[in-house]
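*Asks:* Can you keep this structure in mind? I'll have questions shortly.
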Amino acid sequence: MRVERGCMSLEQVQVVVIGAGISGLQAARLLRSKYSVKILEARDRVGGRLQNHRFANGDTVDIGGQWVGPGQHRMYRLIEELGATTWPLYDSGDNLLYLNGRGRRYRGTIPKINPLALADLGIAMARFEAMARSLDPAAPWTHTKAEHWDSVTLDSWLQKNCRTRLARELFAVGIGAVFAAEPAELSLLHALFYARSGDSLETLLSVTGGAQQDRVHGGTAGLCERMAQQLGERVQLNAPVEKIEQLPDGRLRLWHGAGSLVCERMIVALPPNQALRIRFEPELPSWRDQLLQRMPAGACIKCVARYEKPFWRDAQLSGQVASPTGPVRVTFDNSEAGKSSGLLMGFLEGDTARNLSAVSADERRERVLECFAQFFGQQARRPLEYVDKDWSSEAWTRGCYAALMAPGTWTGYGARLREPNGPIHWAGTEFAVEWFGYMEGALESAERAVAEVEAALQREEHLCEVVPV
């Protein structure tokens, strides 16, 4: 609906969603049958932290979020609704632990190392999992030990609970793979909540039966493109929201890159650090601003090399590597089922990602391929094509995979994390109870925000129907 005001045409809708990532798109899909809705997206594409790259031969690869696994029921349902299909990540053959200059073959999640370090790692993992299971993921701040767990970092806990250096290093490799951060950046309570939110730390680290089990044909960004097609003109690209003003009648007016519009309710489906870019009038409550400031993003560069074929399989290797050194500390066989090309993917995370973000693209490529060659031989040094994505340098994202919670954040602000601020509601994976940091969490948070919006609009409609005597 448009209202003419002088020479200006002011668009009015019932609900505006800020951000066309998978959470914002799902929120709009859920609202569209009952309410007028508009999505404003700063980028020239949909998908947010999901993005495809197309190689010269036409093959595509996810250079953002890509995996789905058991327990992520919303994601599998969405994939089916959109007519997409999945295939399992290659998980056959031996994994490698690259340690002291050589690769050691192993199967499963935990590599074979010296018995003392193996026992040390196993005990620490079991203790961590038991602590995580004792949490309520909907309210981790209510745990009897929440204040203590939120007063220390995960690194402090590792120093006390892993007696051997090797056990600490291997635990840190897993933490980097899950959080794209260093253990010293995380509150212990946040690490425990994150694991509990996704079932367990072992689930988050596992391939078959775990969070890395399946891939989506056409990429997860392809799902977002199909969602946007269903929404049609409701999606507006190149429209970064600059200012949000609450009008005297309670409605909201938004100024964005292509103009302005008015709405009754709004869902902010952005990474927390990007919500801080928007100017609010009146300002958000101080506690909300302080909370968003305490939710910085992790640091991740995702690297993919394309080869003529997945040659490592000839040596009965899975393509999965764990390395305490690096700079690449984790790799996977990212080849798509039904395609001949071999795709080898590695992550640069935490401090390593921050350091290599500052070097040239050519130097970073050489450093990554050097690691690939150490793991899989000199053939890995000569890919047909190579691409990497530095998410910390990506405009409108500035970090991945998700926001981190430093000590004091959950106990100081967690109880109000998902609380609406008047007509402003919050969605995105960082506002999820289940699968925080994952696409599943993004969908869960969209459902919750939409339920809040619908309840509020129904209350307002009911009040309008009451005629005073």
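The values are calculated or read from the model by the stated rules, or taken from the named source; none is laboratory data. Given the structure is predicted, the values throughout are model-derived calculations rather than measurements. Methodologically, a virtual Cβ is constructed for each residue, glycine included, from the backbone with ideal geometry; neighbour enumeration extends over all protein chains shown. Keep in mind that these areas ignore ligands, DNA and RNA; they rest on the heavy atoms of the full protein, side chains included. Shrake-Rupley method; radii C 1.70, N 1.55, O 1.52, S 1.80 Å.
Here is a yes/no grid of residues against (1) within 22 Å of Asp390 (Cβ to Cβ); (2) touching a Leu at 6+ places or on another chain (Cβ under 6 Å); (3) at pLDDT 95 or above:
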| site | (1), (2), (3) |
| --- | --- |
| Ala299 | yes, no, yes |
| Lys302 | yes, no, yes |
| Lys309 | no, no, yes |
| Gln320 | no, no, yes |
| Lys339 | no, no, yes |
| Leu343 | yes, no, yes |
| Arg364 | yes, yes, yes |
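*Asks:* What is the number of the single condition among (1) aliphatic (A, V, I, L, M); (2) touching a Ser or Thr at 6+ places or on another chain (Cβ under 8 Å); (3) closer than 27 Å to Arg354 by Cα that Leu170 does not meet?
*Replies:* Result: Leu170 passes all but (2).
*Asks:* Being open to solvent by 40 Å² or more (accessible area, probe 1.4 Å), of a type in the set (A, V, I, L, M, F, W, C) and not in a helix (DSSP H, G or I) is the filter here; which residues of segment 360-402 pass it?
*Replies:* Scanning segment 360-402 gives Leu384, Ala395, Trp396.
*Asks:* Taking the conditions exactly as written (more than 17 Å from Arg251 (Cα to Cα), out of contact with any Leu (no Cβ under 6 Å at 6 or more places or on another chain) and open to solvent by less than 10 Å² (accessible area, probe 1.4 Å)), does Leu31 satisfy them or not?
*Replies:* Yes; evaluated as a whole, the condition is true for this residue.
*Asks:* Restricting the first residue to segment 36-51 and requiring it to be over 22 Å from Ser260 (Cβ atoms) and free of Cβ contacts under 8 Å to residues at least 40 places away in the same chain, which pairs with a second residue that is in a loop (DSSP other than H, G, I, E, B) and open to solvent by 30 Å² or more (accessible area, probe 1.4 Å) meet a Cβ separation below 7 Å and a spacing of at least six or different chains?
*Replies:* none
*Asks:* Can you name every residue in segment 205-214 that is surrounded by fewer than 23 Cβ atoms within 10 Å (Cβ to Cβ) and not β-branched (Val, Ile, Thr)?
*Replies:* Leu205, Ser206, Gly209, Gly210, Gln212, Gln213, Asp214, listed by residue number.
*Asks:* Are there any helices (runs of 4 or more DSSP H) wholly within segment 167-258 with 1 or more residues that are in contact with a Lys or Arg (Cβ under 9 Å, 6 or more places away or on another chain), and if so which?
*Replies:* 188-197, 220-231
*Asks:* What are the pairs, 6+ residues apart or on separate chains, where a residue within segment 330-342 that is under 14 Å from Trp87 (Cβ atoms) has its Cβ under 7 Å from a residue that is open to solvent by less than 10 Å² (accessible area, probe 1.4 Å) and β-branched (Val, Ile, Thr)?
*Replies:* That search, which allows pairs on different chains as well, returns Asn334/Val61; Asn334/Val304.
*Asks:* Could you say which residue among Pro282, Pro296, Pro271 is in contact with a strand residue (DSSP E or B) (Cβ under 9 Å, 6 or more places away or on another chain), open to solvent by less than 40 Å² (accessible area, probe 1.4 Å) and more than 16 Å from Asp91 (Cα to Cα)?
*Replies:* Within the list Pro282, Pro296, Pro271, the selection yields Pro271.
*Asks:* Now for a separate question. Could you pull out the residue among Glu430, Glu419, Glu447, Glu461 that is out of contact with any Lys or Arg (no Cβ under 7 Å at 6 or more places or on another chain) and open to solvent by less than 10 Å² (accessible area, probe 1.4 Å)?
*Replies:* Glu430
*Asks:* Looking only at residues in segment 321-346 that are farther than 16 Å from Tyr307 by Cα and of a type outside the set (Gly, Ala, Ser), which one is most open to solvent (accessible area, probe 1.4 Å)?
*Replies:* Here the residue is Thr325.
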